[in-house]
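Just below is one structure, and these are the notes that go with it.
The values are calculated or read from the model by the stated rules, or taken from the named source; none is laboratory data. Quick caveat: nothing in here was measured; it's all calculated off a predicted structure. Backbone-built Cβ (ideal geometry, glycine too); neighbour counts: all protein chains shown.
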Amino acid sequence: MPPIANDESKVQLERLGHVVVEHADLAKFRAFAKDFGMVEERVEKDRVYYRGYGVDPYLYVAQQSKSRRPKFLGPAFVAKSQKEFDKAAALPGAKLGSLADAPGGGQIVTFERQDETYMHVIYGQKERSAPSGEEPSATHDQFGPLNTPFSKPRQGKFQRFHPGPALVHKLGHMGYVYRDFDTEVKWWTSNFNFVPSDILYHWDFSNMDVLTFMHLDHGKEYTDHHILFLQRAEPQVKKSFMHHCSFEVADFDTQLIGHQWLAQKGWKSIWGVGRHVLGSQIFDYWQDPSGFKIEHYADGDLVNEDTPTKRDVVGPFSVWGPEVPKDFGSNGIIVNVGGKI
Ligand SMILES: [Fe+2]
């Protein structure tokens, strides 16, 4: 990959807002989403808007697929200002739309990229007032600071929990696996303020980059280690695809109690709970009823403009946790409950 730096000519994005996903069976997804810890903000006939407890009016839009074939319709990134939104709307291929009918309103532009993958930029939503202080929880009755061998800040107070879902805070990151990786890296990084935190190259070909974790450059302000990752598809992949979307939860106990909750409800665990190397997140991947991978994460790293981009060979993705499943890199989409594509 060529060196990548942000500059003012690029559209400046603030954060991820939401994803839009068409499901084979919306009713089934509603059951899953409830156990995953998303809250229904608005239910329409063939569409449900879900929120977390962050500022975004919604973080996931689930729609009934008319063909009953699941389809990922893209992530929506929030522009930093009206000026930045207008810059996005002026880019080649931009299709202007409206979010007037969605919770919080706002404007949207959509880009269609290779193999029917999508990217949206939004602006002007009425934000929720996010709670301050302790995170809302469906599992924690009482939760104080952690006691460690040399430091015992929690005195005379007890850690008390009960079973429940891991409530999600925000949409933290998502990623695409692209057949034409080089073209997409160029498009995403030359038009927007994505800057690589880590670049990984192929174990046999040191001149071939295969994966990059990117953050949004906000100068001195620290942002999540990755909000977007782009991966080079293996040669046998016929169509580029979304790999997974990831939602932030409060802490390690929330992760584990939430994991147990989803398992008890009979949902399919893909990989987790474990701790990533790059980005450091505690991760937990699940399969939704359409076959898409969806992740809970907690305790991710932050970077800023002073954090150098690192380049290394592809290595282990976790420091601890279960072994990576062999098909983790694949598109898990389930077609008509039958085979896989
Ligand atoms: Fe992830």
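Checking Arg15 against (1) touching a residue at least 24 places away in the same chain (Cβ under 8 Å); (2) crowded, with 21+ Cβ neighbours inside 10 Å; (3) within 15 Å of the chain's Cα centre (by Cα): exactly one of these is not met. Which one?
Evaluating Arg15 over (1) touching a residue at least 24 places away in the same chain (Cβ under 8 Å); (2) crowded, with 21+ Cβ neighbours inside 10 Å; (3) within 15 Å of the chain's Cα centre (by Cα) leaves (2) as the failure.
Check off (1) within 16 Å of the ligand (Cβ to nearest atom); (2) assigned to a helix (DSSP H, G or I) for Phe247 and give me the number that stays unchecked.
Failed condition: (2).
Going by the structure shown, is Arg128 surrounded by 13 or more Cβ atoms within 10 Å (Cβ to Cβ) and touching a Pro at 6+ places or on another chain (Cβ under 7 Å)?
The answer is yes for Arg128.
Could you grab me the full set of residues in segment 34-47 that are of a type outside the set (Lys, Arg) and surrounded by fewer than 23 Cβ atoms within 10 Å (Cβ to Cβ)?
The answer is Asp35, Val39, Glu40, Glu41, Val43, Glu44, Asp46.
Out of curiosity, is Ile122 crowded, with 20+ Cβ neighbours inside 10 Å, touching a Gly at 6+ places or on another chain (Cβ under 6 Å), of a type in the set (A, V, I, L, M) and closer than 21 Å to Leu230 by Cβ?
yes
Under 7 Å between Cβ atoms, at least 6 apart or on separate chains: pull out the pairs that start in segment 284-303 with a residue that is farther than 17 Å from Phe317 by Cα and in a strand (DSSP E or B) and end on any residue that is within 12 Å of the ligand (Cβ to nearest atom) and of a type in the set (A, V, I, L, M, F, W, C).
That search, which allows pairs on different chains as well, returns Gln287/Ile270.
Take His259 and tell me if it is within 19 Å of the chain's Cα centre (by Cα), within 16 Å of the ligand (Cβ to nearest atom), modelled with pLDDT of 95 or more and part of a loop (DSSP other than H, G, I, E, B).
no
Residue-by-condition table, conditions (1) small (Gly, Ala, Ser); (2) touching a residue at least 24 places away in the same chain (Cβ under 8 Å); (3) away from the ligand (no atom under 16 Å from the Cβ); (4) surrounded by 13 or more Cβ atoms within 10 Å (Cβ to Cβ):
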| residue | (1), (2), (3), (4) |
| --- | --- |
| Thr117 | no, yes, yes, yes |
| Gly133 | yes, no, yes, no |
| Gly164 | yes, yes, yes, yes |
| Phe181 | no, yes, yes, yes |
| Val185 | no, yes, yes, yes |
| Phe192 | no, yes, yes, yes |
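So which residues in segment 197-220 are part of a loop (DSSP other than H, G, I, E, B) and surrounded by 20 or more Cβ atoms within 10 Å (Cβ to Cβ), if there are any at all?
Asp217
Taking strands (runs of 3 or more DSSP E) that fall entirely within segment 84-196, which contain at least 1 residues that are in contact with a Leu (Cβ under 9 Å, 6 or more places away or on another chain)?
107-113, 117-123, 171-178
Which of the residues spanning segment 55-83 are under 21 Å from Gln12 (Cα atoms) and surrounded by fewer than 20 Cβ atoms within 10 Å (Cβ to Cβ)?
Those that are under 21 Å from Gln12 (Cα atoms) and surrounded by fewer than 20 Cβ atoms within 10 Å (Cβ to Cβ): Val55, Lys80, Ser81, Gln82, Lys83.
Need pairs with beta-carbon distance below 8 Å; first residue on the phi < 0 side of the Ramachandran plot and part of a strand (DSSP E or B) and within segment 270-282, second of a type in the set (Lys, Arg) and surrounded by fewer than 19 Cβ atoms within 10 Å (Cβ to Cβ); sequence gap 6+ or separate chains.
Correct list of pairs: Ile282/Arg275.
Determine whether segment 221-240 contains at least one residue that is modelled with pLDDT of 95 or more, buried (at least 23 other Cβ atoms within 10 Å of the Cβ), more than 16 Å from the ligand (Cβ to nearest atom) and of a type in the set (A, V, I, L, M, F, W, C).
no
Considering only residues that are part of a strand (DSSP E or B), of a type outside the set (A, V, I, L, M) and within 23 Å of Ala90 (Cα to Cα), which ones fall in segment 9-31?
The answer is Glu14, Arg15, Gly17, His18.
May I ask you to verify whether Tyr53 is in a loop (DSSP other than H, G, I, E, B), under 24 Å from Lys34 (Cβ atoms) and under 14 Å from the mean Cα position of the chain (by Cα)?
no
Tell me whether segment 295-309 contains one or more residues that are under 25 Å from Ala5 (Cβ atoms), surrounded by 18 or more Cβ atoms within 10 Å (Cβ to Cβ), in contact with a Pro (Cβ under 6 Å, 6 or more places away or on another chain) and not charged (D, E, K, R).
Yes, segment 295-309 contains a residue that is under 25 Å from Ala5 (Cβ atoms), surrounded by 18 or more Cβ atoms within 10 Å (Cβ to Cβ), in contact with a Pro (Cβ under 6 Å, 6 or more places away or on another chain) and not charged (D, E, K, R).
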